[in-house]
Amino acid sequence: MSLPLIILGAGGHAKVLIDALGTAAIIGLTDRDPAKAGLRVLGVPVIGTDDALVQYAAGTVELVNGLGTVRAGSQRQALFTRYQSKGYRFATVVHRAAVIAREVVLGEGAQVMAGAILQPGCEIGENTLINTRAAVDHDCRIGRHVHIAPAAILSGGVEVEDLAHIGAGATVIQGIRIGAGSTVGAGAVVVRDVRAGVTVLGVPAKEIEQ
């Protein structure tokens, strides 16, 4: 039997998650801003800051990471790691309008939003967000704490390492490796491997100084 859910975060991405999950399964939301306590987001109450979780022992609820787009995923990672280390588990979220092929592996806390497509042989790491209408073709390997932004396209056999960010509308051709902690800018077209920790922009994508 599924456990009740608490979403960590009460911003825009939380709204998307509420729509994907339905309100019946969700006890409430938390938020770092104490002023939001008592408010409702799409009918779901904000029960307080993250400290409100002390009322719910690990094993009695599942958590959902409600932080949305963060450039390199570090804040999403920190939130996930903090509560995973306390024994909590994170629910995997798949929107009813997503297309998930057979033989796709989803890690703990992975989120696949509306219109996203995952083709056979893909592996999605824990706490990774595949956002609205992103398309991930066959045999892609996507690491942990990655954000594939809306309408991004990954061709077959792409490898995306931990904490990378693929911007909205970006395209990565087949067989490319995107290094850990790197950022592919919105609309970029990646035709060669991207080193760890860098940002690439443009068509074709080129590394920029930071």
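A short reminder: the numbers here are calculations on the coordinates, not readings from a lab. The structure presented is a predicted model; accordingly, all values stated were derived computationally and were not measured. Note: ideal-geometry Cβ built from the backbone for every residue, glycine included; neighbour counts use all protein chains shown.
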Legend entry - Radius ratio Rg over Rh of region 92-202, counting only Cα atoms, Kirkwood formula for Rh: 0.93
Legend entry - region 1-155 - percent relative contact order, Cα under 8 Å, separation 6 or more: 17 percent
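Quickly rank 142-148, 113-119 as a protection proxy: mean count of other C-beta atoms within 10 Å, highest first. Don't skip to the answer; put the middle values down first.
On the way: 142-148: 25.6, 113-119: 20.6.
Ranked by mean Cβ neighbours within 10 Å, highest first: 142-148, 113-119.
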Inset, instruction - Sketch the reach of a paramagnetic label on residue 42 as a point 7 Å from Cα along Cα-to-Cβ, and name the residues of region 138-160 whose backbone nitrogen lies under 17 Å away. - result: 150
Inset, instruction - Taking a cut-off of 22 Å between Cα atoms, list the lysines near residue 15, but don't count ones fewer than 8 places away on the same chain. - result: 36
Inset, instruction - Largest first and to the nearest Å, give the Cα extent of region 3-54 along each principal axis. - result: 25, 23, 15
Inset, instruction - Calculate how steeply helix 12-21 sits against the longest principal axis of the alpha-carbon atoms of the chain, using the helix alpha-carbon long axis, and give the answer as 0 to 90 degrees to the nearest 10. - result: 80 degrees
Legend entry - Zero-based 5 Å bins, Cα pair distances in region 145-184, whole percents: 8, 28, 33, 29, 1
Inset, instruction - Compute the acute angle (0 to 90°) between the alpha-carbon long axis of helix 74-84 and the principal axis of greatest extent of the alpha-carbon atoms of the chain; round to the nearest 10°. - result: 50 degrees
Legend entry - Separation in nanometres of the label points that stand 7 Å from Cα toward Cβ, at residue 97 and residue 33: 2.6 nm
